[in-house]
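To start, the structure itself, in structure tokens.
The values are calculated or read from the model by the stated rules, or taken from the named source; none is laboratory data. As the structure is a computational prediction, the values presented were derived from the model and not from experiment. Positions of Cβ are generated from backbone atoms using ideal geometry, with glycine treated the same way; all protein chains shown enter the neighbour counts.
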Amino acid sequence: MTDPTVPSPAASPTGFWASKRRADKITRAIVTILLVLGSVVMMLPIVWMLSTSFKTRTDVFSIPPVWIPSPLHWENYPMAWNVSGMYSTEDWSFLGIPFHGVTFTTYTLNTLTIAVLSCLGTTLSSSLVAFAFARLRFPGRGPLFILCLATMMVPTQVTMIPTFILFKSIGWYDTFYPLIVPAFLGGGAYNIFLMRQFFMSIPYEMDEAAKIDGCSNFGVYWRILLPLCKPALTTVAVFSFVYNWTDYLNPLIYLDTNSKKTLALGLKNFVSLYGQDYHLLMAASLLVSIPIAVLFLIGQRYFIQGIATTGLK
Amino acid sequence: MKNLRLVMVGLICLSLPSLLGLNGCSKSSGTQIRISSWGSPEENQILSNLIDKYNQSHPGITVVLERTAFEDYVQHLLTQIAGGEGPDVIFVEANNFVNFYLRGALEPLNPYIQADHFDLSVYYPQAIDRYTVDGQTYVVPRDIAPIGLIFYNKKAFDEAGIPYPTDDWTYEDFVADGKKLMKKDDKGNVTRWGFVDDWPNFDAWVYDFGGSFADDVKHPTKWTFATDPNTLKGIQFRADMMNKYKMMLPPSGLAAMGGMGTGDMFTNGTVAMFLSGLWKTPTFRMAKDLQWDVVMMPKGSDGIRGFSSGGSGYGILKSSAHKKEAWDLVKYISGEEGAKMLAETGLAQPAIMSVSNSPVFLDGQDPKNKKVVLEAIKYMKYNPMCKNWLEVHDSIINPELDKVWSGSETAEEAMAHLQPLLEKNPPQTQ
Amino acid sequence: MTSAERKEAISAFIFLSPFLVWMVFLMGGPILAAFFLSFCKWDILTPIQFVGFDNYKEMFFQDPRFWKSLFNTAYFTFLSVPIGMVLSIAVALLMNQKVKGIGIYRTLFYLPSVVGAGVAVAVLWKWIFNADSGLLNYMISLLTGVPIADCPKWLASEAWSKPALVIMSLWGVGGGMIIYLAGLQGIPFTLYEAAEIDGANRWQQFWTVTLPGLSPVIFFQLIISIVGSFQIFTQVDVMTDGLGGPADSTLVMVLYIYQKAFKYYQMGYASALSWVLFIAILLATWLQFKYSKWVYYEGELRK
């Protein structure tokens, strides 16, 4: 590690573009400019949402568009949070929560339950299944994998009703099970495929060495490959969490009781036949997205802790 | 890594109560009646207030309201019905009623009406008529909605120096006003349009010009859309407003393709006249500095006029296991109490005539000319009742007419293209 | 089969068991049901009628909207997938740099892919693409000097409505970015060191080390993007109010399937459409697997 042109793996994961020190300054300047410019473009929708969320109903469409409304209508946020309460009179007081009616607090707890458990299930089970596809020899592996991928290719619009009937017939209608259990059963073709690709980019010699040391197949999976695939696991975890946090269609179909509904369904309360309360919709959408932003901000650090820190050299 | 683990453990702990089924469920006892609805928060407030009252006065019966956003309503309902989980009472709209009725999903109500001596004559006959086929009634109406109102901005008329329109105005008056109401800045950019509709509502102009879609509303046998000369006139007129008179916002200028947001253009004064139904009232009442009123759509010099129609009501699904209780609920929620609450919001014209003619509805607030809707009822036209109405309207007629609006085809050319397509897809009533 | 091989196969099936349960019961049942429905007429409210190949015959010989939707879907896919791929790799490389506050940039780039496609921001998109007062035409006019009146009419134009959807889809590059970012971490430094010693410059390193190392992930992303864009639905539904206009220019397959199933009550026909779409995607995926020699697996399982 004496060569100054190669960054120390523990400190810096940069490979491409970051070698010569002389060029570093210029490179970094260019990178920063690109990042700032890109961020501005990418954030446009969100900035607009933010701006709208502070407006009154009638100011939403003023022309020319106003980016910084004055005054800022902070009250939209509590209003958005509580507005859904008007649809129900169900009582949460037994939990010590001092309000009646279903608000976004209820929806948040429900969504959290579903998203956390699904995230856990998906991460564990998709990596397990992917390990079998990537590392183990068994008859019918190729066809089975193609079959797995094929499940992504049938549009949900036509499998929805049969699936609904299936879950209903086993008594899972209006429960969280249809939203959580599938995550523990492989977590879907997308995640399996993703994990398989990552496993397959790890040298096979790692497994062989471990097996010589007496590791079982599960041992190879748990002790060797999983730690090496932290960035991939993080990716799957993030995607799965976000998917379940924002999923609209499945909760719409399987959840009926208002107190069991999720945030995505709650958001739709603002949308109605007679026009939309855009300012409230934006306020609620942003509130709902904050947890994702925070989780991502915490989680993104783990993207860069791959092979670099596990000492594979 | 420790942080992450802590976060995970915390999240799981938080989620446990919900998982263990500790939901704030109100334990249902006795018979449960489920009712499906969409609607704005105001509407739902009315319905859930009514249901609360009903639940209190009917021990042994629990009514549960399930609300789905309008755009997902049908999908959600169909999935439930297919899975044998259909609700007992459904809220239907004048057009999607047909889909349920024609497929035999709605319980005929005549036996219940006769047994209870339920008085249908308090409702607008035009509303009852929509939900009655061959003498059998399927839905009790909640509201009635002629879509034939031109909302106008008084300030814009004052600025243009023209008098406010009256209910007996003609197409010529309308176009003349529309042109005068146009406003441009120094660079030639339009800052105020003469007219726009709530959504690309060509039906309104077809009916207003005395045109038609099919030969019969209740039992259509063939489409007349492409052959009716009045239909052609209506379509050409709507196209001319954009491309010839240049008084109407063309599709390329719409904030939205489906027209969502044009109401907001009226609110902020970038459009002087706006075609819609009465449901816009609460929105426009809330707008600051907007002085507005309504007037009927213009008529032809021969006096012909006609309005497309909305409206909604409550029906009972045939699959319901508690039809008697469901009927009792329908009677209650479509009664006078609910109608008055609806009238107070300004959102809709109740289907009960006495309420619509009372000060509860004609409350003297904006729009001052609200009584015009009582008159407008006479000119209501309903869409043909067949299974493929929506498909023919949205997927055959509509894409072809897009070319007329953009000016790449005349109405006549479009009709020539449409006729063979319409012949190939005749109205399906079976 | 030797006993070692048998042991390996048995443990493989143990690992796969949850997946097999899912596959057979939760996925297999409904998919077979949809297959059966494609030979039926079913309006959901009345009993199912078996009609043989009628749906398929109608689709191929009498339904111009089917061909139109197939064309629109392919158009969208061929335009959006390559642009999206290149852009998300570029963004991932950018996000792999050691710059102050990189975590925040990553979040900023990722968030729009979460909130940027939903109903909430559809209004904004409609405004951006508005021909007369929209932001996009304003920028184009500013940069090129073309008067706004001559700029594309985007969502109101039959020719430009699909490109508009492609542009909109680019706000979702954040998802691809994450995957590539994770993929970049898996490329061993030893390879860069070796390339450095061989005197490769950064550009050469990119082609000889980064791209091959990333190829399993690129392959994944390529397949997933194609599957995803063949199934594009939400954005079109929201942007065109479910109509696929103007003049059917944005009518994509899944939108058509949705219309047929839940708007026009033709579940059988919708199922038949789905199977054609399924075959199309399967074919595209199979071709990619067939020509996937360019994918370099460090740990490929020898058979």
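For the stretch B:291-313, the criterion of being touching a residue at least 24 places away in the same chain (Cβ under 8 Å), in contact with a Lys or Arg (Cβ under 7 Å, 6 or more places away or on another chain) and surrounded by fewer than 16 Cβ atoms within 10 Å (Cβ to Cβ) is satisfied by at least one residue. Cβ-Cβ contacts under 9 Å between residues 6 or more apart (or on different chains), taken from a first residue in the stretch A:99-116 that is at positive phi to a second residue that is among the polar types (S, T, N, Q) and modelled with pLDDT under 90, are listed as A:GLY101/A:ASN82; A:GLY101/A:SER84; A:GLY101/A:SER88; A:GLY101/A:THR89. Meeting the requirement of 2 or more residues that are within 13 Å of chain B (Cβ to nearest Cβ), under 18 Å from C:LEU79 (Cβ atoms) and among the aliphatic types (A, V, I, L, M), the helices (runs of 4 or more DSSP H) wholly within the stretch C:150-263 are C:161-169, C:234-239. Listed by position, the helices (runs of 4 or more DSSP H) enclosed by the stretch C:1-64 that each have at least 1 residues that are within 7 Å of chain A (Cβ to nearest Cβ) and over 28 Å from the mean Cα position of the chain (by Cα) are C:3-21.
Taken together, the residues in the stretch B:69-116 that are of a type in the set (A, V, I, L, M), more than 7 Å from every other protein chain (Cβ to nearest Cβ), within 16 Å of B:TRP389 (Cβ to Cβ) and assigned to a helix (DSSP H, G or I) amount to 2. Taking every residue in the stretch B:355-371 that is among the charged types (D, E, K, R) and pairing it with any residue that is surrounded by 14 or more Cβ atoms within 10 Å (Cβ to Cβ) and in a loop (DSSP other than H, G, I, E, B), at least 6 positions away or on another chain, the pairs with Cβ-Cβ distances below 7 Å are B:LYS370/B:LEU362; B:LYS371/B:LEU362. Going through (1) within 27 Å of B:HIS393 (Cα to Cα); (2) surrounded by fewer than 24 Cβ atoms within 10 Å (Cβ to Cβ); (3) not basic (Lys, Arg) one by one, B:ILE162 falls short only on (1). Counting the residues of the stretch B:294-339 that are under 22 Å from the mean Cα position of the chain (by Cα), aliphatic (A, V, I, L, M) and not assigned by TED's automatic domain parsing to the domain that holds B:ASP173 gives 5. Could you list, in sequence order, all residues of the stretch C:264-302 that are out of contact with any helix residue (DSSP H, G or I) (no Cβ under 7 Å at 6 or more places or on another chain) and at the interface with chain A (Cβ under 7 Å from one of its Cβ atoms)? Across the stretch C:264-302, the qualifying residues are C:PHE278, C:GLU298.
Counting residues in the stretch B:345-354 that are surrounded by fewer than 20 Cβ atoms within 10 Å (Cβ to Cβ) and without any contact (Cβ under 8 Å) to a residue 60 or more places away in the chain gives zero. With respect to A:ILE202, determine if the residue is touching a residue at least 12 places away in the same chain (Cβ under 8 Å), facing chain C (nearest Cβ under 7 Å) and farther than 17 Å from C:VAL24 by Cα. The answer is yes for A:ILE202. For the stretch A:145-179, filtering for residues that are in a helix (DSSP H, G or I) and closer than 20 Å to A:LEU252 by Cα leaves 17. So, in the stretch B:201-238, how many residues would count as being in contact with a Ser or Thr (Cβ under 8 Å, 6 or more places away or on another chain) and not hydroxyl-bearing (Ser, Thr, Tyr)? Going through the stretch B:201-238 one residue at a time, the tally reaches 15.
Select from the stretch B:262-288 the residues that are touching a residue at least 40 places away in the same chain (Cβ under 8 Å) and assigned to a loop (DSSP other than H, G, I, E, B) and write down the one among them that is nearest to B:PHE195 (Cα to Cα). Ranking the candidates gives B:THR270 first.
Would you pick out the residues in the stretch C:170-206 that are closer than 23 Å to A:LEU194 by Cα and out of contact with any Ser or Thr (no Cβ under 9 Å at 6 or more places or on another chain)? Listed by number, the residues that qualify are C:GLN185, C:PRO188, C:PHE189, C:PHE206. Candidates are the residues of the stretch A:277-306 that are modelled with pLDDT under 65 and surrounded by 23 or more Cβ atoms within 10 Å (Cβ to Cβ); the one that is nearest to the other protein chains (Cβ to nearest Cβ) is A:GLY306. Applying a threshold of 6 Å to beta carbon distances and a minimum spacing of six or more residues, or different chains, the list of pairs starting in the stretch B:72-84 at a residue that is more than 16 Å from B:LEU106 (Cβ to Cβ) and ending at one that is of a type in the set (S, T, N, Q) reads B:HIS76/B:THR68.
Of everything listed in (1) more than 24 Å from A:LEU112 (Cβ to Cβ); (2) within 10 Å of chain A (Cβ to nearest Cβ); (3) modelled with pLDDT under 90; (4) in a helix (DSSP H, G or I), the single unmet condition for B:ASN55 is (3). Would the stretch C:121-133 turn up any residue that is at pLDDT below 85, over 29 Å from B:ASN398 (Cβ atoms) and either β-branched (Val, Ile, Thr) or surrounded by fewer than 23 Cβ atoms within 10 Å (Cβ to Cβ) (or both)? Scanning the stretch C:121-133 turns up no residue that is at pLDDT below 85, over 29 Å from B:ASN398 (Cβ atoms) and either β-branched (Val, Ile, Thr) or surrounded by fewer than 23 Cβ atoms within 10 Å (Cβ to Cβ) (or both). Before we move on, is C:ALA90 in a helix (DSSP H, G or I) and either more than 11 Å from chain A (Cβ to nearest Cβ) or within 16 Å of the chain's Cα centre (by Cα) (or both)? No, not satisfied. Kindly indicate whether any position in the stretch A:135-144 is under 15 Å from A:TYR190 (Cβ atoms), in contact (Cβ under 8 Å) with a residue 24 or more places away in the chain and part of a helix (DSSP H, G or I). So far as the stretch A:135-144 goes, no, none of its residues is under 15 Å from A:TYR190 (Cβ atoms), in contact (Cβ under 8 Å) with a residue 24 or more places away in the chain and part of a helix (DSSP H, G or I). Selection of the stretch C:84-101 for residues being of a type in the set (S, T, N, Q) and either within 17 Å of A:VAL41 (Cβ to Cβ) or out of contact with any helix residue (DSSP H, G or I) (no Cβ under 7 Å at 6 or more places or on another chain) (or both) yields only C:SER88. Being small (Gly, Ala, Ser) and surrounded by 24 or more Cβ atoms within 10 Å (Cβ to Cβ), is that true of even one residue in the stretch B:265-275? Checking the stretch B:265-275: at least one residue is small (Gly, Ala, Ser) and surrounded by 24 or more Cβ atoms within 10 Å (Cβ to Cβ). Of the strands (runs of 3 or more DSSP E) lying entirely inside the stretch B:125-226, the ones with 3 or more residues being touching a Lys or Arg at 6+ places or on another chain (Cβ under 7 Å) are found at B:190-197. Filtering the stretch A:237-257 to residues that are at the interface with chain B (Cβ under 8 Å from one of its Cβ atoms), in contact with an Asp or Glu (Cβ under 9 Å, 6 or more places away or on another chain) and part of a helix (DSSP H, G or I) leaves only A:LEU252. Of all residues in the stretch A:22-35, those being more than 7 Å from chain C (Cβ to nearest Cβ) and either surrounded by 12 or more Cβ atoms within 10 Å (Cβ to Cβ) or among the hydroxyl-bearing types (Ser, Thr, Tyr) (or both) number 4. Here B:GLN365 meets the list (1) outside the structural domain of B:ASP228 (by TED's automatic domain parsing); (2) modelled with pLDDT of 95 or more almost entirely, failing just condition (2).
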